[in-house]
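Notes follow the structure.
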Amino acid sequence: MAIQSDVLVIGSGAAGLSFALRAAKYGTVTIVTKKEEAESNTNYAQGGIAAVFDPNDTFESHIEDTFKGGVGLCYPEAVKTIVTEGPERIKDLTKWGIHFTLDDKGKVFDLGREGGHSKNRIVHAMDKTGRVVEHGLLDQLRRHPNINILDNHVAVDLITEHHVRGGGKYPKGDIHCWGSYVLNCETGKVEMYLARVTLLATGGAGQVYQHTSNPAIATGDGVAMAYRAGAAIGGLEFMQFHPTTLYHSKGKSFLISEAVRGHGGILRNKAGEAFMKQYHELGELAARDIVARAIDSEIKRSGDECVYLDVTHIDADNLRKRFPQINEKLLALNLDMTKEMIPVVPAAHYMCGGVITNLQGQTSVEGLYATGEVACTGVHGANRLASNSLLEALVFSERAFHNAKAYLDSHKCAIPTIPEWDDEGTFNQEEWVLISHDRREIQRLMWDYVGIVRSDERLERAGARINLIRDQIESYYKKTVVTEPLLELRNMSLVASLIIRSALYRKESRGLHYTTDYPQKDDINWLGLTVIHQGNVSLKALANAFGY
Ligand code: FAD
Ligand code: SIN
């Protein structure tokens, strides 16, 4: 069965939905999404969206803070783009009926503060920004006759020349994308979704690690599919660990927003000592890589299982009003943050690298765009600044839409004949134990050997093990009827191997990539993007990597 539309969007977070809303004015849009419509990293975002609205703030200041966070690897054009276009994209959200928290007079946005920002510039909806944005976009979308959104549909692989029957009439060397094979989880069948423009908006890969703030959907599918399709992937060694996720047996993966530190929260060890000033002059508001490493070092030094975030000195009513979701979650676990300290640990949070795009969201595969967390636009460099992610997703989705519209207008050629998914020779093997075991092994391996602090020996060991696991998974995949857990496992193993290769390649410490073998930053040899493309790893100058 082939379903054709003008545009195919894979993923229903902020990136995919905001693109779809724009594209639907001009043509038909199909959105496929893995679980229920709202399940995404976007839905869990707490802190907010960074943008310059305060008259005392400036674009230059936001740009400079982003550069500092990215430790020399931000692509200047991309940073300038998100900062200068950001306020307009937030106004678009308000036009779509999404409401953000206003100040006491109810006239202007209440602007919060987060690590690495030198001004208050975080637009937020209390501590539920993501949920408000996600549901606001979905509400708009449901009114649109041109959009067909299909939940429980998992993209399996992008359709390219590789799948075209009888080869293509396209010039050698160019790769085109014409849509995706998609698993319909209700029927168990793989269907074919065709489009001349495909947007990858599949989000991040936090699930590759044992401890993560990300929901279960974040298995790196977009990076894996794009890599298999021949797209260039960049910066994967820069996996961001959020310093403060709740440490509680029943509160797994729950984030305690950086905005809590922005609001005056203090990090203390078990003995009650505030330790952050020993690590950085900005203390609790230093960039995330610094705070996460400081916590990691405190935990390793003391042998304790966690550190604590203390807000007991802040007015209790004020806290409950500003952080209602966090308060509710903690109270459900019998923890009253107004009276006791919150136990916290770092966890994998955000993939700074991804599928490389230019300033229009185009990947190196024609007809394939990527925006949001799956993309590597050059904005974040070696470490993302808090609340720049939703901003990047919104700004680049708008840009990608304009480019895709022009592309559709100027490329009217028909989609070639594509064969249906072929599952001949595959069997329903029902070996659930193999899949769950391998998934846990990858997560553990990545946490232990490819985490906050790395070394060549750990990375090499991880690389050798992951290659074995990948070989086993590939051979199992070839003879097994595809299921969602199997697809995710295959993608996770590939993304894990790409992260390890990128981390092994970079022989220095910078931002989120810290290795004990090369503890210093080396601007002479490593001021560029690690690119993995069709099996090869190389270092590219930023302007070459992003400026095509
Ligand atoms: P997502 O929102 O993750 O959406 C990805 C979509 O793709 C999902 O619908 C998923 O189901 C779908 N998908 C994935 N694979 C497939 C497949 N194979 N087939 C079909 N569909 C697929 N950033 C900020 O800027 N500010 C914040 O305050 C903030 N807080 C955060 C708090 C938490 C707990 C987390 C986890 C992240 C936070 N971030 C924040 C980061 C930010 O939320 C994400 O980077 C951003 O929402 C990514 O949006 P996206 O649309 O690219 O991806
Ligand atoms: C948070 O609220 O701490 C998350 C913000 C972000 O990831 O940008």
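Values in this text are rule-based calculations from the coordinates and carry no lab data. These figures come from a predicted structure and were not determined experimentally. Quick reminder, even Gly has a Cβ in these numbers, built from the backbone with ideal geometry, and neighbours come from all protein chains shown.
Ordering Tyr449, Thr483, Leu391 by the projection of their Cα atoms onto the charge dipole of the range 384-503, which places +1 on the Cβ of Lys and Arg and -1 on the Cβ of Asp and Glu, puts Leu391 at the extreme positive end.
In terms of packing, defined here as the mean over residues of other Cβ atoms within 10 angstrom, the peptides 435-448, 115-128, 412-425 line up highest first as 115-128, 435-448, 412-425. Note on the range 95-234: semi-axes of the ellipsoid equivalent to its C-alpha gyration tensor, largest first and rounded to whole Å, are 37, 19, 16. Over 30 Å apart at the Cα level, from the set Lys91/Lys128; Lys34/Lys252; Lys329/Lys521; Lys252/Lys339; Lys35/Lys252; Lys35/Lys405, are Lys329/Lys521. Computed over all pairs of different Cα atoms, the Kirkwood value for the hydrodynamic radius of the range 1-106 is 16.5 Å. Binning all Cα-Cα separations of the chain at 10 Å, short to long from zero, yields these whole-percent fractions: 4, 19, 30, 28, 15, 4, 1, 0. At each listed q (0.15 Å⁻¹), what is the log10 of I(q)/I(0) that the Debye formula gives for the range 408-464 modelled as equal alpha-carbon point scatterers? Each listed q corresponds, in turn, to -0.70.
Scanning the chain for DSSP H helices at least 30 Å long along the axis (C-alpha atoms) with a Kyte-Doolittle mean no lower than -0.5 picks out 389-410, 484-505. Between His533 and Glu60, the modelled labels are 3.6 nm apart [label points 7 Å from Cα along Cα→Cβ]. Highest average first, the peptides 96-103, 345-352 ordered by how many other beta carbon atoms sit within 10 Å of their residues are 345-352, 96-103.
Rounded to the nearest 500, the 222 nm mean residue ellipticity of the chain from helices alone is -11500 deg cm²/dmol, with -39,500 (n - 2.57) taken per DSSP H run of at least 4 residues.
Of the three principal axes defined by the Cα atoms of the range 70-134, the extents in descending order read 38, 24, 21 Å.
Translational diffusion coefficient of the range 440-548 (Stokes-Einstein, Kirkwood radius from Cα pairs, 25 °C, 0.890 mPa s): 161 µm²/s. When all alpha carbon pairs of the range 311-423 are counted in 5 Å bins from zero, the resulting P(r) reads 2, 9, 14, 12, 10, 11, 11, 10, 7, 5, 4, 3, 2, 0 %. Averaged over residues, the count of other Cβ atoms within 10 Å places the peptides 221-231, 239-249, 141-151 in the sequence 221-231, 239-249, 141-151, highest first.
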